[in-house]
1. If you plug each phi of the range 223-231 into the Karplus form 6.51 cos²θ - 1.76 cosθ + 1.60 with θ = phi - 60°, what whole-Hz ³J(HN,Hα) values come out, in order, with x for Gly and Pro?
2. If you count the DSSP beta bridges with both ends in the chain, what percent of them are antiparallel, to the nearest 5?
3. Charges on Cβ only, +1 for Lys and Arg, -1 for Asp and Glu, centred on the Cα centroid of the chain; of Thr152, Leu17, Val258, which one is farthest towards the dipole's positive end?
4. With angles folded into 0 to 90 degrees, how steeply does helix 62-71 sit against the dominant principal axis of the chain? Use alpha carbons for both and round to 10.
5. Explain nothing, just the number: dipole magnitude of the chain about its Cα centre with +1 on each Lys and Arg Cβ and -1 on each Asp and Glu Cβ, in debye rounded to the nearest 20.
6. Find how much the distance from Ile288 to Ser254 grows on full extension, using 0.36 nm per residue of separation minus their present alpha carbon separation; answer in nm with one decimal.
7. Which angle from 0 to 90°, rounded to the nearest 10, does the C-alpha axis of helix 318-331 make with the longest principal axis of the chain?
8. Using modelled backbone amide H atoms (1.01 Å from N, in-plane), which distant-in-sequence or interchain residues come within less than 5 Å of Ala76's amide H?
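The values are calculated or read from the model by the stated rules, or taken from the named source; none is laboratory data. For clarity, every value in this text was computed on a predicted model and none was experimentally measured. Ideal geometry is used to build each Cβ from the backbone, glycine not excepted, and the neighbour counts take in all protein chains shown. Surface areas here come from the heavy atoms of the whole protein model, side chains and all, with no ligands, DNA or RNA. Shrake-Rupley method; radii C 1.70, N 1.55, O 1.52, S 1.80 Å.
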Amino acid sequence: MKLLLTGGAGYIGSHVLLSCLEAGHDAIVLDDFSNSSREALTRVEALTGRHFSLYEGDIRDATMLEQIFKDNKIDAVLHFAGLKAVGESVQKPLDYYDVNVGGSVTLAKAMAQAGVYRVVFSSTASVYGDQEKMPLTEENVPGEAASPYARTKRMVEQVFEDLCISDQRWSVAILRYFNPVGAHPSGQIGEDPLGEPANLAPFAMQVAVGRRQSLAVFGDDYPTPDGTGVRDYIHVMDLAEGHLAAVNFLTKNSGFGVWNLGTGRGHSVLDVVRELENITGKPLPKRIASRRPGDTAQCWADPSRAATDLGWKAKRGLSDMLTDHWRWQEQNPKGYNK
Ligand code: NAD
Ligand code: WQD
């Protein structure tokens, strides 16, 4: 199949791109490189020995989208492009509504105009907000999302749902990722955040590699087994395989579907620290800090719907994720910037 990956140079997009190429699909990447590097794409080409087209541009550019769909007979779109920092979304909500919601609407219009109706959309577990009952099933979505970021993702889910109701040619897979961690086992591609990482694994990795002094553990008084926050960390290569399964599903089914992509297991911040210390063989400098505003105590998936419908299950555990993430970080201490 010929697949268009918006945001294909980003952390998750680049790993999915690699898996798509290895599975024999043709790919086209659209990215504005606002949060990624061309080097990621160069490395995917080197790892796969496959070439793909690149359009540098913005998903909000309707004229460019029209051109992409004119130039290429695209079978399905994997839509990763967007802004993803929860804290920043509170400071700059208009950017988030503009890029995430406006950009997705512009993309959906261009798809409909070109007669392309299959799309996989990157949603997030943050649409579930703060809940007590675990694991989270796809129906658990509260009426009100917890941040502007989560609201934009929920809105785009609803836009695609409405499209499926309006026109039966649409075939939409909403994938709600839990906490993506890890890298391709080659250590050649991985997560390369700009500035200070907002997430646990990249921050801890930068401490381990000596780029930062110590990890702040945000709260040790949560109602969890060791008092620190519990999350469902999922290997980015498992996510990539989930996308291949979703694309395959879309070729055989139409309509709207939502799937959690998680392992179904929760790990605490201290579990992550301990595992990383085992892998690097050295203690990780850390201190207990106050809770981060907006954080929830715990969050993990019920991934059984994806197993039933898509035939997908996460295969890799916390140790695999952190081993692969560490290999990437150690081989590329400054990320793609050498
Ligand atoms: P990322 O920032 O690494 O990748 C996003 C890519 O989109 C980047 O390459 C960026 O340059 C590009 N982009 C941003 N705005 C664009 C625009 N207007 N036009 C064209 N390209 C644009 O993020 P990621 O971690 O790979 O996340 C991919 C998707 O998955 C995002 O939609 C994100 O919200 C979602 N998601 C991520 C996580 C996570 O923790 N990483 C969790 C759940 C969901
Ligand atoms: C994990 C745990 C923190 C950093 C976010 C988004 C979510 C999704 C994934 C995009 C929590 C603790 C963290 C640190 C810490 N992204 N922590 N010190 O908040 O679960 O999810 O990323 O869609 O939408 O909300 O991930 O990695 O930031 O935090 O102690 O320096 O690590 O308190 O318990 P989170 P995270």
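1. Running phi through 6.51 cos²θ - 1.76 cosθ + 1.60 with θ = phi - 60° gives x, 10, x, 10, x, 9, x, 10, 9 Hz.
2. On the way: 2 of 42 bridges.
Within the chain, antiparallel bridges account for around 5 percent of the total.
3. Leu17
4. Tilt relative to the chain: about 70 degrees.
5. 440
6. Length gained between Ile288 and Ser254: 7.4 nm.
7. Helix 318-331 and the main axis of the chain meet at about 90 degrees.
8. The list, which skips near neighbours in sequence, is Lys2, Leu4.
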